[in-house]
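Visitor: Mind having a look at this structure? Questions to follow.
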Amino acid sequence: VPYVDLDGDSLRKILPFDLGYTLKDRKNISIFYANLAANIESPRVVIICSFVALFSLPRSIAKANSHAYLEVFIDPPLTSLEQYNKKNLFKESTPESISTQIKDYEFPLNPDLTICETIDASNSIKFASEICRLITPHLHS
């Protein structure tokens, strides 16, 4: 089955405008990504959206405009976010400060799959298998 992977970091590099990481910027870019996915999708192409969707509105847009919308919520432990702060998104990288900084995010209420572990080389195949199992029934519907 043909697929298109819309990766948030890759898309940011080619956008004709510059957005930061404020809550407003994150919401705007998420809406853009949801609309982009809706415009690319067809019954014969799977769209994989690999980006942080911190707000319910963009997810609602994506779901309303999708042939078969499946949501995977990766909800790692705060200590994992502390270690993964490669982009310096968190001013201070302690579980307490991260908790304070993410209080305004709108996490998914009913995702199709929730992964509550850190994803790394040791378990990435397991999670990829779970995701494949989840989407396979929708590939030919």
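Visitor: From the residues in the range 5-46 that are among the charged types (D, E, K, R) and open to solvent by 60 Å² or more (accessible area, probe 1.4 Å), which one is farthest from the chain's Cα centre (by Cα)? Show your work before the answer.
Guide: Taking the range 5-46 first, the residues among the charged types (D, E, K, R) are 5, 7, 9, 12-13, 18, 24-27, 41, 44.
Those still in the list that are open to solvent by 60 Å² or more (accessible area, probe 1.4 Å) too: 5, 9, 13, 18, 24, 27, 44.
Numbers: ASP5: 11, ASP9: 11, LYS13: 17, ASP18: 20, LYS24: 17, LYS27: 12, ARG44: 22 Å.
Going through the qualifying residues, I end up with ARG44.
Visitor: Would you confirm whether any residue within the range 12-26 is assigned to a loop (DSSP other than H, G, I, E, B) and in contact with a Leu (Cβ under 9 Å, 6 or more places away or on another chain)? Don't jump to the end; show me each part of the working.
Guide: Narrowing the range 12-26 to residues assigned to a loop (DSSP other than H, G, I, E, B): 15-22.
Then keep just the ones that are in contact with a Leu (Cβ under 9 Å, 6 or more places away or on another chain); that gives 21.
Looking for residues that are assigned to a loop (DSSP other than H, G, I, E, B) and in contact with a Leu (Cβ under 9 Å, 6 or more places away or on another chain), one finds at least one in the range 12-26, hence yes.
The values are calculated or read from the model by the stated rules, or taken from the named source; none is laboratory data. This structure is a prediction, so every number in the text was calculated from the model and none was measured. Every residue, glycine among them, receives a Cβ derived from its backbone with ideal geometry; neighbour counts consider all protein chains shown. Only protein heavy atoms, including side chains, enter the accessible area calculation; ligands, DNA and RNA are left aside. Shrake-Rupley method; radii C 1.70, N 1.55, O 1.52, S 1.80 Å.
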